[in-house]
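To start, the structure itself, in structure tokens.
The values are calculated or read from the model by the stated rules, or taken from the named source; none is laboratory data. Source: prediction; values computed, not measured. Here Cβ is always computed from backbone atoms with ideal geometry, including for glycine, and neighbour counts include all displayed protein chains. Ligands, DNA and RNA are excluded from the accessible area calculation, which covers all protein heavy atoms including side chains. Shrake-Rupley method; radii C 1.70, N 1.55, O 1.52, S 1.80 Å.
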Amino acid sequence: MRELDSEIARILFSEEVIQGRVRELGAQITRDYRGKSPLLVGILRGAAIFHADLTRHVDLRLKVDFISVSSYGAATKSSGQVRILKDLESSIEGADVILVEDIVDTGLTANYLLRNLAGRGPSSLKFCALLSKPSRREIEVTVDYLGFEIPDEFVVGYGLDYAQKFRNLPYIGVLKASGDGSGN
């Protein structure tokens, strides 16, 4: 048993289930972008592990970059205000871009980033998220590549955190009572 396991109420998705779904998403992106070199933009920090695994399952000449935003801080509820902490390293004008996120909750961060990136003139822009929590949506966003839909519970593991902890768990689990009890 891992040290952090005792703080998990239950496991939603095992490591094996997650890896199987990431392989499927990689195969779908490979089919959809055959003959192209997409740019996979990972949203730091939460999507870093998912982004890394996904890139290994895309059988194309792809490029990677990262963007970092903040809307949570150390809370379990989004502040609703999104700010870019680290921008892309290069221009995406004319590129086929896939934005890779760990979880879509309210939709505010995803909407902000998709509008921001669309304004930079990519040839195409798609959105890939490991998790989606539609019951928390405040603004609708289209998720072109989705791993799993989940209920309104605060989840951690496989890159998702609570106050920077739990990212290193190989599974996705529901955190026992924490903070204000709101979902991520």
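Computed values, structure above
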| read-out | value |
| --- | --- |
| Gained length - residue 44 relative to residue 165, 0.36 nm times residue gap less alpha-carbon distance | 42.1 nm |
| Charged-residue dipole, Cβ positions (Lys, Arg, Asp, Glu), the chain about Cα centre, Debye nearest 20 | 280 |
| Dipole of the stretch 100-166 [Lys/Arg +1, Asp/Glu -1 at C-beta], most positive-end residue of 118, 139, 157 | 118 |
| Where only alpha carbons of the chain are counted, the Rg and the Dmax (Å) | 15.8, 48 |
| Rounded to 5, percent antiparallel among DSSP beta bridges of the chain | 35 |
| Top of 161, 105, 152 by mean-square fluctuation, Gaussian network on the chain, Cα under 10 Å | 152 |
| Principal axis dimensions, largest first and in whole angstrom, of the stretch 93-143 by Cα | 34, 18, 12 |
| Order by protection proxy (mean Cβ within 10 Å, highest first), peptides 154-160, 171-177 | 154-160, 171-177 |
| Extension gain from residue 123 to residue 148, taking 0.36 nm per residue of separation minus the Cα-Cα distance | 6.3 nm |
| Fraction of accessible area attributable to carbon and sulfur, the chain (%, probe 1.4 Å) | 46 |
| CD proxy at 222 nm, helix term only [per DSSP H run n ≥ 4: -39500 (n - 2.57); per residue of the chain; nearest 500] | -6500 deg cm²/dmol |
| Among the listed pairs 63/176; 63/165; 86/176; 133/176; 36/165, those beyond 27 Å (Cα-Cα) | 63/176; 63/165; 86/176; 36/165 |
| All Cα pairs of the stretch 2-66, percent lying beyond 19 Å | 42 |
| Translational diffusion coefficient (Stokes-Einstein; Kirkwood radius from C-alpha pairs) of the stretch 87-179 at 37 °C, 0.692 mPa s, in µm²/s | 228 |
| FRET efficiency, residue 139 to residue 37 (Cβ-Cβ, R0 35 Å, nearest 0.05) | 0.70 |
